[in-house]
Amino acid sequence: MPGEPQDDCLFCKIVAGTIPATIVRETGTTIAFRDINPQAPTHVLVIPKAHHVDAAALAAEAPQLAADVLRETRAVADQENLESYRIVFNTGSGAGQTVWHAHAHVLGGRGLEWPPG
């Protein structure tokens, strides 16, 4: 069921505190933590605490929560002193999604070329 924690979800386990993460920000609805395989000097994931399978599902099922996630990407960028940054939502395995819990990547700290590849 959308929003309910999933026993087999890595990010739900981070929300529950059963798997450690380097948390950089937390609100009532979101958690932001450093990616364990950073693709830029600053690489932080912002996730909703409630489980939604991907960004499309999050937008459809909980638009206010989607807005919370997006708002937190800005807060992370400000906290990390990023003048420019990229926000990436991978939706589906063909786009590189590997954890089936909606999340935004905040990437910065170096020049980011386009297209990303």
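Some notes on this structure:
- Selection within the stretch 25-44 - of a type in the set (A, V, I, L, M, F, W, C) and under 12 Å from the mean Cα position of the chain (by Cα): Ile31, Ala32, Phe33, Val44
- Selected residue [more than 18 Å from Leu82 (Cα to Cα), touching a strand residue (DSSP E or B) at 6+ places or on another chain (Cβ under 8 Å) and in a strand (DSSP E or B)] from Ile31, Ile14: Ile31
- The stretch 1-40, residues that are open to solvent by less than 70 Å² (accessible area, probe 1.4 Å), among the β-branched types (Val, Ile, Thr) and touching a residue at least 12 places away in the same chain (Cβ under 8 Å): Ile14, Val15, Val24, Thr27, Thr29, Thr30, Ile31
- Output for the stretch 58-89, where each listed residue is open to solvent by 30 Å² or more (accessible area, probe 1.4 Å) and either touching a residue at least 60 places away in the same chain (Cβ under 8 Å) or in contact with a Gly (Cβ under 6 Å, 6 or more places away or on another chain) (or both): Tyr85
- Qualifying residue in the stretch 46-59 (condition: under 11 Å from the mean Cα position of the chain (by Cα), of a type in the set (A, V, I, L, M) and not in a helix (DSSP H, G or I)): yes
The values are calculated or read from the model by the stated rules, or taken from the named source; none is laboratory data. Being a predicted model, the structure only gives us computed values, none of them experimental. Cβ: placed from backbone, ideal geometry, glycine included. Neighbour counts: every protein chain shown. These accessible areas exclude ligands, DNA and RNA; they are computed on the full protein's heavy atoms, side chains included. Shrake-Rupley method; radii C 1.70, N 1.55, O 1.52, S 1.80 Å.
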